[in-house]
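The values are calculated or read from the model by the stated rules, or taken from the named source; none is laboratory data. Computed from a prediction, not measured in an experiment: that's the story for all the values here. Quick reminder, even Gly has a Cβ in these numbers, built from the backbone with ideal geometry, and neighbours come from all protein chains shown. Heads up: the accessible areas ignore ligands, DNA and RNA and are worked out on the full protein's heavy atoms, side chains in. Shrake-Rupley method; radii C 1.70, N 1.55, O 1.52, S 1.80 Å.
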Amino acid sequence: YFPERRSCLFICCKTADWLMSQTKHRPQVAIICGSGLGMLADTLKCQDSFAYADIPGFPQSTVQGHAGQLVFGELKGKTCVCMQGRFHMYEGHSLCKTTFPIRVFKLLGVETLIVTNAAGSLADGFQTGDIMIIKDHINFPGLVGLNPLCGPNDDKFGPRFPAMSGCYDKGLRCLAMEIAKELGVASVLQEGVYAMVGGPNFETIAEARLLHRLGVDAVGMSTAPEVVVATHCGLRVFGLSLITNKVVKSYEDTESVNHEGVLEIGRLRSHTIVYIFH
Ligand code: R1P
């Protein structure tokens, strides 16, 4: 019933073997760069870069602001692999493909996954340009069965019924808050709940109001499937949402959001994210 999923599991072993034959780096940390946030990958030292098109089995990025490169290198003495560009469900990728790199990272020996994304804020206290530590998520596609773990379970990666409470590591969240205070950037740091919606359209006002009532602080079209697969295979996860816009919740508001604006805030704020990571 899920033939693609079986072949996905097989292909990710091949992809991991190919990458290990092409680079001497053995990453402990993987970072997924969200829309407009690819700059972090450029700051790695001793880089080995691979275009997604050249990596056997890898899907292709089709969204502007997602360069489509895997970059290996050193960040503060840790070996990292950065995805400059992620895969979204709305691009037409199956959830198996969307989350394919996570299992490849697991096979490469990665222990910690850092996810970043561009998101719209619903929380009343958030400002555009704020950075939200993701405390938890609501996986709306997952709630109706669009879950990357559907299909045969491979026990080598994780259990059939994985727990998702605590999927955003508390120790890493506290550490990030302490570091932000030390660096003097705590005033732009928030903590909250991210909701994934399917996209690609942005939210209607009624949808925005619904999400707000449900306690969602920021909304986007990614991240949750990656975190589900990472948690399933035992990776520690840390997540950051860059607040690129306030989601319109009032019929009196004449503002509207667009992807170019999202990328622009990403470019302007990338340096703060790079500063925190360094
Ligand atoms: C919309 O501007 C795009 O930005 C966000 C949304 O999910 C959507 O893809 O991208 P990332 O979640 O990949 O950062």
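Side notes on the structure shown:
- 10 Å Cβ shell holding at most 14 others, DSSP loop, GluC sites (Glu not before Pro): longest site-free stretch of the chain: 112-251
- Using θ = phi - 60° and Karplus 6.51 cos²θ - 1.76 cosθ + 1.60, couplings along the stretch 47-60 (whole Hz; Gly, Pro as x): 6, 10, 10, 9, 5, 3, 4, 9, 9, x, x, 6, x, 10
- Set of lysines with alpha-carbon distance to residue 24 below 26 Å, sequence-local pairs under 8 removed: 14, 45, 76, 78, 97, 106, 156
- The value of relative contact order for the chain, using C-alpha pairs under 8 Å at least six residues apart, is 25 percent.
- The stretch 155-227: C-alpha gyration tensor shape, a/c 1.5 cut-off, then a/b vs b/c: oblate
- Diffusion coefficient (Stokes-Einstein, Kirkwood radius over C-alpha pairs, 25 °C, 0.890 mPa s) for the stretch 79-195: 148 µm²/s, rounded to a whole number.
- Take residue 275: with every protein chain present and a 1.4 Å probe, its accessible area is about 110 Å².
- Estimated vicinal HN-Hα couplings, Hz - the stretch 180-186 in sequence order (Karplus 6.51, -1.76, 1.60; Gly, Pro = x): 4, 5, 4, 7, x, 10, 4
- Label-point gap, in nm, between residue 43 and residue 90 - each point 7 angstrom along Cα→Cβ: 2.8
- Each DSSP beta bridge with both residues in the stretch 8-277 is either parallel or antiparallel, and the antiparallel ones are about 35%.
- Rolled with a 1.4 Å probe across the full set of protein chains, the surface gives residue 251 an accessible area near 140 Å².
- Near residue 232: Cβ cut-off under 12 Å, other residues only, Lys/Arg at +1 and Asp/Glu at -1. The net charge is +1.
- Once you divide the Cα radius of gyration of the stretch 41-135 by 2.2 N^0.38 Å, the number left is 1.20.
- Bridging of residue 249 to lysines at a Cα separation below 24 Å is possible for 135, once same-chain residues fewer than 8 apart are set aside.
- Value of relative contact order over the stretch 29-75, rounded to a whole percent, pairs C-alpha under 8 Å and six or more apart: 46
- Global geometry of the stretch 8-277, whether rounded, prolate or oblate, following the gyration tensor of its Cα atoms and the 1.5 cut on a/c: prolate
- Computed E for residue 20/residue 179 - FRET, C-beta separation, R0 45 angstrom, nearest 0.05: 0.90
- This model, with +1 at the C-beta of Lys and Arg and -1 at the C-beta of Asp and Glu, gives the stretch 8-277 a dipole about its Cα centre of some 720 debye.
- Ellipsoid semi-axes in whole angstrom, largest first, where each is sqrt(5λ) of the Cα gyration tensor of the stretch 57-98: 24, 11, 8
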